[in-house]
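The values are calculated or read from the model by the stated rules, or taken from the named source; none is laboratory data. Note that the structure is a prediction, hence the values are computed from the model and not measured. All Cβ positions, glycine included, derive from the backbone under ideal geometry; neighbour counts span all protein chains shown. Accessible surface areas use protein heavy atoms only, side chains included; no ligands, DNA or RNA. Shrake-Rupley method; radii C 1.70, N 1.55, O 1.52, S 1.80 Å.
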Amino acid sequence: MVFELGQYMPGNSAIHRLDPRTKLLSLFFYGVAILLAPNATAALISGSVIFPLIIVAGLRLAFIWRQLRPLLIFMTIVFAFQAVLTPGEALAAVGPAIITREGLNLGLMALARVFYLVLAAALLTATTDPLSLADGLEKLLRPGTRLGLPSQELALMLTLALRFVPTMLEEAERIMRAQMARGASFKGLKVKNLMPLIIPLFISAFRRAEALAEAMEARAYQGGKGRTRMRELALRPADYIFFIFTIMLVGSSFAYRLLVK
Amino acid sequence: MTAKIARAAVIAAIYAVLTIVLRPFSFGYIQVRVAEALALLPILYPEAIAGLFIGCLVSNIYGGLGPIDIFLGSLTTLVAAWLTYRWRNSWFAYLPPIILNGLIVGTYLAFLLNVPVYLAVVTVALGEAIAVLVFGIPIIKRLRRVK
């Protein structure tokens, strides 16, 4: 079980240096732009703006392949499902199944959406280290503070959670080995199999939480109010330019949709 | 308060660990996200509401279907967790994660992947029901004993 949450690829490219807020919001609007595209061709074209960004960020093909591989089966099922089950002009027949032009279009569109969305999320996590991601989210949630949203506490939880994921994974492996030594089996998704893992995992996690709380108390943590930070986020001209391009992408996608319909 | 923050953080971490370890089953419309069994935790711990939200956010950022999962999926989990907490004393508490995820996540997945809405809603709700009822209830029962 090899796993790293650290999909982050340290670097100093233009994409790396963008403010995490810019990247988070752009990710959101990029998703909107792709969803607005009314057909497969439009989806494929509007999404393709991601490729130059991937090159600028210096991501390797192997890295991208690793992001897409787990989704391969899922994407195939979705595509096949569309191609065969959509009624319309018949193109070819595979046994009893008839592939239609409309189905091919819809299938390709679904495929393009999943492909680009996963790619965009991968680009974000590869070029933004988890800590600044948490900072960016906190800043974006800040307006919610007035409505009673504890944005600083949420950001702290996010940072702590990111820090704990690898520890918990290690712990989960240790528990699985310990239970296997006592005759447990972890093959298949069964309640009987998962309980001996999940319950000890919780107990050890809560114990860790207690120690962590004590450590925070000892360092006089008193909530987020009035805390200063080591790195202050600041938007630079590049951020504004990048964001304007994102908005233009959404705008053109929307305009094309109106024109086509 | 520090105790609550710390506990919410580890709950979020467990959620992310379970989602990512069981990754092939966790995304898309044919999904059984075992981590969603934790959706019942607000019954025992109010701080789990924030924990589940953050956990879902982390899992979706690091392995979901991108932006829509990150924003809408996590908010759905947040609302469901809050309702589960509100109704913690009755069996109603089991319903919000199943119904809300089925409806909201099912609808946007249907839109995203061009599949019929009813199909996506039913399959997501079914996967969620398995996670919550089959895995979630035994977890809550046992945790109640050690609490």
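A:Arg146 falls short on exactly one of the conditions (1) away from chain B (no Cβ under 11 Å); (2) out of contact with any strand residue (DSSP E or B) (no Cβ under 8 Å at 6 or more places or on another chain); (3) not in a helix (DSSP H, G or I), and that condition is (3). Scanning the stretch B:1-30 for residues that are open to solvent by less than 20 Å² (accessible area, probe 1.4 Å), at pLDDT 80 or above and within 7 Å of another protein chain (Cβ to nearest Cβ) yields B:Thr2, B:Ile5, B:Ala6, B:Ala8, B:Ala9, B:Val10, B:Ala12, B:Ala13, B:Ile14, B:Ala16, B:Val17.
Scanning the stretch B:109-129 for residues that are within 9 Å of chain A (Cβ to nearest Cβ) and either under 16 Å from the mean Cα position of the chain (by Cα) or among the aliphatic types (A, V, I, L, M) (or both) yields B:Leu112, B:Leu113, B:Val115.
The set of residues in the stretch A:149-166 being touching a residue at least 12 places away in the same chain (Cβ under 8 Å), assigned to a helix (DSSP H, G or I) and buried (at least 16 other Cβ atoms within 10 Å of the Cβ) consists of A:Ser151, A:Gln152, A:Glu153, A:Leu154, A:Ala155, A:Leu156, A:Leu158, A:Thr159, A:Leu160, A:Leu162, A:Phe164, A:Val165.
When residues in the stretch B:84-94 are screened for being touching a helix residue (DSSP H, G or I) at 6+ places or on another chain (Cβ under 6 Å) and surrounded by fewer than 19 Cβ atoms within 10 Å (Cβ to Cβ), 2 of them pass.
When you go through A:Ile198, A:Ile175 one by one, which is the residue that is of a type in the set (A, V, I, L, M, F, W, C) and under 27 Å from the mean Cα position of the chain (by Cα)? Criteria check complete, one pass: A:Ile198.
Considering each residue of the stretch B:88-101 in turn, none proves to be within 13 Å of chain A (Cβ to nearest Cβ), over 15 Å from the mean Cα position of the chain (by Cα) and basic (Lys, Arg).
Only a single item in (1) modelled with pLDDT under 85; (2) open to solvent by less than 30 Å² (accessible area, probe 1.4 Å) is not met by A:Pro130, and it is number (2). Summed over the stretch A:87-115, the residues that are closer than 11 Å to B:Asn114 by Cα and among the basic types (Lys, Arg) give a count of 1. If you go through the stretch A:167-189 and keep only what is surrounded by fewer than 16 Cβ atoms within 10 Å (Cβ to Cβ) and either at the interface with chain B (Cβ under 9 Å from one of its Cβ atoms) or under 11 Å from B:Ala9 (Cβ atoms) (or both), you end up with A:Thr167, A:Leu189. The number of residues in the stretch B:38-55 being part of a helix (DSSP H, G or I) and in contact with a Leu (Cβ under 8 Å, 6 or more places away or on another chain) comes to 12.
Scoring B:Val115 on the criteria (1) farther than 29 Å from A:Glu153 by Cβ; (2) not in a loop (DSSP other than H, G, I, E, B) leaves a single failure, condition (2). Just a yes or no: is a residue in the stretch A:100-111 out of contact with any helix residue (DSSP H, G or I) (no Cβ under 8 Å at 6 or more places or on another chain), without any contact (Cβ under 8 Å) to a residue 12 or more places away in the chain and either more than 24 Å from A:Arg21 (Cα to Cα) or of a type outside the set (Val, Ile, Thr) (or both)? The answer is no, given that none of the residues of the stretch A:100-111 is out of contact with any helix residue (DSSP H, G or I) (no Cβ under 8 Å at 6 or more places or on another chain), without any contact (Cβ under 8 Å) to a residue 12 or more places away in the chain and either more than 24 Å from A:Arg21 (Cα to Cα) or of a type outside the set (Val, Ile, Thr) (or both).
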